[in-house]
1. In the stretch 173-287, carbon and sulfur make up what percent of the accessible area (probe 1.4 Å)?
2. How much length is gained on full extension from Ile84 to Thr39, taking 0.36 nm per residue of separation minus their Cα-Cα distance?
3. Could you work out the percent of alpha carbon pairs in the stretch 184-255 separated by over 19 Å, rounded to a whole number?
4. Find the accessible area per residue for the stretch 42-105; the probe is 1.4 Å, ligands and nucleic acids are left out, and the unit is Å².
5. For the stretch 72-153, state the average projected area of the convex hull of the C-alpha atoms over all orientations, rounded to one decimal in nm².
6. Roughly how big is the stretch 182-268's charge dipole about its Cα centre, with Cβ charges of +1 (Lys, Arg) and -1 (Asp, Glu), in debye to the nearest 20?
7. Work from the charge dipole of the chain (Cβ charges, +1 for Lys and Arg, -1 for Asp and Glu, about the Cα centre) and give the residue of Thr133, Thr345, Thr263 farthest towards its positive end.
8. So, counting K/R as plus one and D/E as minus one, what does the shell of residues with Cβ under 12 Å around Thr36 add up to?
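The values are calculated or read from the model by the stated rules, or taken from the named source; none is laboratory data. Keep in mind that this is a model prediction, so the values were computed, not measured. Virtual Cβ from ideal backbone geometry, glycine too; neighbours counted across all protein chains shown. These accessible areas exclude ligands, DNA and RNA; they are computed on the full protein's heavy atoms, side chains included. Shrake-Rupley method; radii C 1.70, N 1.55, O 1.52, S 1.80 Å.
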Amino acid sequence: MKLVVQVRLLPTAEQAAALEATLRACNDTANFASVTAFTTGDRREYALRKHTYREVKARGLGAQAAQHVIKKVADAYTTLKAGIRAGNLGPKGSARRARAESKPVTFRADAAQPFDDRCLSWDHTARTVSIWTTTGRVKNVAFVGSLDQLKMLAVCRKGESDLVCRDGMWFLYATCEIPDVPVTEPDGFIGVDLGIANIATTSDGTRHCGKGLNAVRHRNRELRRRLQAKATKSAKRLLKKRRRTEARFAADTNHTIAKQIVTEAERTGRGIALEDLGGIRDRVRLRKPQRVTLHSWSFHQLGSFIAYKAARHGVAVIHVDPAYTSQTCSACGHVDKANRPSQATFSCTSCGFAEHADVNAARNIASRGVAGWAVSHAANDAA
Ligand SMILES: [Zn+2]
């Protein structure tokens, strides 16, 4: 399994200046190569290298960096093409699509740049990197990260890392290859219900509430409303920064929740049953004001954090159909809209069973997990 570990660099002022100059040189050159790719129509790496390699190197990039810049440009065109084909820029003839196709791809002065092992080396004991820059090799750049991440980095890092500058902070995104852990045969399942007020509720009754996150989102929405009216450049910049802070906060929250759920599953020898999120946008149980706060990507992110943390610990994960989990009684199976007298409560009109609505839904997801696992494994045994 591949995953990306992010560490923050703590360069001195002098080191930061060298990094900044390097990113700028790489991206200036990428813009030059991009124009060539656009005018010649040769957008594949090999063809583009023939056209541009000499000039790119002459601009002060070493052989390695030159190749990476050219590959970055070729990759950007591939991504653009795939995006257009997927309809991300609207249908054929749309203004957005025409605009994107009418000019070369451009790179910001601080766009991310990949570094391979020849341009970047890691010292895990000293927690420093040595990195190629346009002004020579910069040594002993300190980095920090969580203990978990540093451990994984030291053992599993493989391939390229991206150098990124964001809001004045420096980061390296390093690719790690994690060896597969065999999945333990689960003894039951923890069901996880995803929601707004409670981001995740488990069938054990644990509610991971999104109070902090919802407060941040609410504040940002208010701010957005006021700033959008202004539409000045500084207002736009502030909005962008806020959005990133919110995304980081959501990711931190999701990591913490995922970790707690996986740890609990591992401790009790169970698997984890998650809702299949295919139709989450269409879910009817969300009322209008909630739809504004609903970020489906955040649910997908939590799902993927759980999946990869579970995979690392050999914990089984199964995705189940979430239809009617909120209206079904987890005690007797009776399905009825009237089982939900309010958003928060579940009360069965048939057997009288009462429980917090999210906990009841999570229990249904858990039993669907048990059933689904039995079916898929019966199929495996037959095959
Ligand atoms: Zn019932």
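1. Numbers: 3430 of 6610 Å².
Using a 1.4 Å probe with all protein chains present, the stretch 173-287 comes out at 52 percent carbon and sulfur.
2. Details: separation 45, 0.36 × 45 = 16.20 nm, distance 1.91 nm.
Once the chain is fully extended between Ile84 and Thr39, it gains 14.3 nm.
3. On the way: 1281 of 2556 pairs.
Considering the stretch 184-255, 50 percent of its Cα-Cα pairs are separated by more than 19 Å.
4. On the way: 4080 Å² over 64 residues.
Accessible area per residue, the stretch 42-105: 64 Å².
5. Numbers: hull surface 32.8 nm².
Approximately 8.2 nm², given one-decimal rounding.
6. Working: 20 positive and 9 negative charges, 339 e Å.
Using only the charged Cβ atoms, the result is roughly 1620 debye.
7. Of the listed residues, the answer is Thr133.
8. On the way: positive: Arg43, Arg49, Lys50, Arg54; negative: Asp42, Glu55.
Spelling it out: positives minus negatives among the neighbours equals +2.
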